[in-house]
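The values are calculated or read from the model by the stated rules, or taken from the named source; none is laboratory data. Treat the numbers as computed from the prediction; the structure is a model and nothing was measured. Positions of Cβ are generated from backbone atoms using ideal geometry, with glycine treated the same way; all protein chains shown enter the neighbour counts. Areas reflect the complete protein model, heavy atoms only, side chains present, ligands, DNA and RNA absent. Shrake-Rupley method; radii C 1.70, N 1.55, O 1.52, S 1.80 Å.
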Amino acid sequence: MTDPAARRKFLGGAKRLVVKLGSSLLAPASRAERRARLRALAEQIAALRRGGRDVVLVSSGAIASGMRLLGVKRRPAGVVAQQALAGIGQPELMRAYAEAFARHRMPVAQVLVTRDDLRDPRRRRNARRALGELLRLGTVPVVNENDTVAVEEIRMGDNDLLSAYVTLLSDADALILLTDVDGLYDGHPRRSPSAARLGVVRAVSPAVRRLAGRAPGSEVGSGGMRTKIEAAGLATRAGHAVLIARGNDRRVLLRALAGEDLGTLFLPAGRRLSRRERGKIVQLQSRTRRTSS
């Protein structure tokens with residue numbers, strides 16, 4: 001399968017998407033810039049909904065929003081400080097989403113989860129049903145970790161892995177990770193002029209994981225390319241396609257689903273696993289991470 005054919009099949013043919021926005025996209029220098037970015041996102045999702053596609057958002061940015069509101073320049077290392085910033089920033093972040101989507105008469109729904117919600121089969125099943133009902137009602141679910149009370153989630157550090165879990169839970173066709181770089185490179189793009197973007201990755205191999213260690217991170221986020229590759233590995237293992245792309249492009253979703261060559265596409269490792277199989281992966285992975293935290 002050629003790269004354009006793969007993009008048409010796995011992105012162009014996707015009917016349900018999970019889109020994850022990183023903190024760097026939601027905490028720009030000015031509130032006006034963030035408003036413009038969210039409006040562009042809402043316009044794209046409204047167009048996708050008119051085309052019969054469902055979209056679930058996984059949003060970072062609560063801690064970063066709290067930092068901006070209080071004038072904090074660097075993300076604090078202390079868990080209690082992070083919890084407080086998340087509590088301050090989450091309402092302001094949801095207001096920004098609500099305002100952006102109100103222009104298209106699309107309500108947003110806040111969905112806060114913890115690792116225990118993913119680990120426990122009953123709570124995981126309730127989360128899946130809630131997401132399905134929210135989509136049926138025409139809302140845009142905005143999922144975030146409940147950073148204010150969930151110490152383990154803050155220590156784990158980011159929403160990349162959560163977005164992979166949500167992809168499995170919601171039976172989405174593809175996961176799109178929007179960040180401040182335009183994909184995975186074979187070197188550090190800010191240090192090496194010869195570094196080249198990888199258009200398609202067919203397997204999340206040890207070599208690919210090593211490449212992720214060279215990529216830059218963000219001052220306000222807590223992940224970086226390494227956790228995005230980890231999320232891509234989990235989602236592709238369960239049979240879902242993953243795209244890492246630059247979210248500053250205000251038509252990135254429409255361009256990606258039109259099959260344009262942007263970002264890095266990770267191909268599914270095999271068949272789409274059954275709901276029961278996906279649930280076992282989520283339960284095992286979340287339990288393992290909790291034990292090792």
Test set (1) open to solvent by 20 Å² or more (accessible area, probe 1.4 Å); (2) at pLDDT 90 or above; (3) of a type in the set (D, E, K, R) - Arg74 fails condition number
(2)
For region 239-289, which positions are closer than 19 Å to Leu198 by Cα, part of a helix (DSSP H, G or I) and either among the small types (Gly, Ala, Ser) or touching a residue at least 12 places away in the same chain (Cβ under 8 Å) (or both)?
Val252, Leu253, Ala256, Leu257
Going through region 76-102 in order, the residues found to be in a loop (DSSP other than H, G, I, E, B) and closer than 16 Å to Asn144 by Cβ are none
Check Asp171, Asp158, Asp147 and return the single one that is open to solvent by 10 Å² or more (accessible area, probe 1.4 Å), modelled with pLDDT under 95, within 27 Å of Gly259 (Cβ to Cβ) and outside any helix (DSSP H, G or I).
Asp171
Scan region 277-291 and give yes if some residue there is at pLDDT 90 or above, crowded, with 17+ Cβ neighbours inside 10 Å and of a type in the set (A, V, I, L, M), otherwise no.
no
Hits in region 109-129 - residues which are under 18 Å from Ala86 (Cβ atoms) and open to solvent by less than 60 Å² (accessible area, probe 1.4 Å)
Val111, Val113, Thr114, Arg115, Asp116, Asp117
Could you check, for region 103-123, whether at least one of its residues is of a type in the set (S, T, N, Q), at pLDDT below 90 and not in a helix (DSSP H, G or I)?
yes
Screening Gly52, Gly61 for residues that are farther than 17 Å from Leu262 by Cα and crowded, with 20+ Cβ neighbours inside 10 Å leaves only Gly61
Taking helices (runs of 4 or more DSSP H) that fall entirely within region 1-74, which contain at least 2 residues that are in contact (Cβ under 8 Å) with a residue 40 or more places away in the chain, of a type outside the set (A, V, I, L, M, F, W, C) and out of contact with any strand residue (DSSP E or B) (no Cβ under 8 Å at 6 or more places or on another chain)?
31-50
State all residues of region 174-186 that are touching a helix residue (DSSP H, G or I) at 6+ places or on another chain (Cβ under 8 Å), assigned to a loop (DSSP other than H, G, I, E, B) and either within 21 Å of Leu41 (Cβ to Cβ) or open to solvent by 10 Å² or more (accessible area, probe 1.4 Å) (or both); if no residue qualifies, say none.
Asp180, Val181, Asp186
Per-region count, region 75-99, residues closer than 13 Å to Val142 by Cα and free of Cβ contacts under 8 Å to residues at least 40 places away in the same chain:
3
Whichever residue in region 237-253 is of a type in the set (D, E, K, R) and either within 22 Å of Val55 (Cβ to Cβ) or modelled with pLDDT under 90 (or both) and, among such residues, is most open to solvent (accessible area, probe 1.4 Å):
Arg251
Please verify whether Leu234 is at pLDDT 85 or above and within 22 Å of Leu169 (Cβ to Cβ), treating the condition exactly as stated.
yes
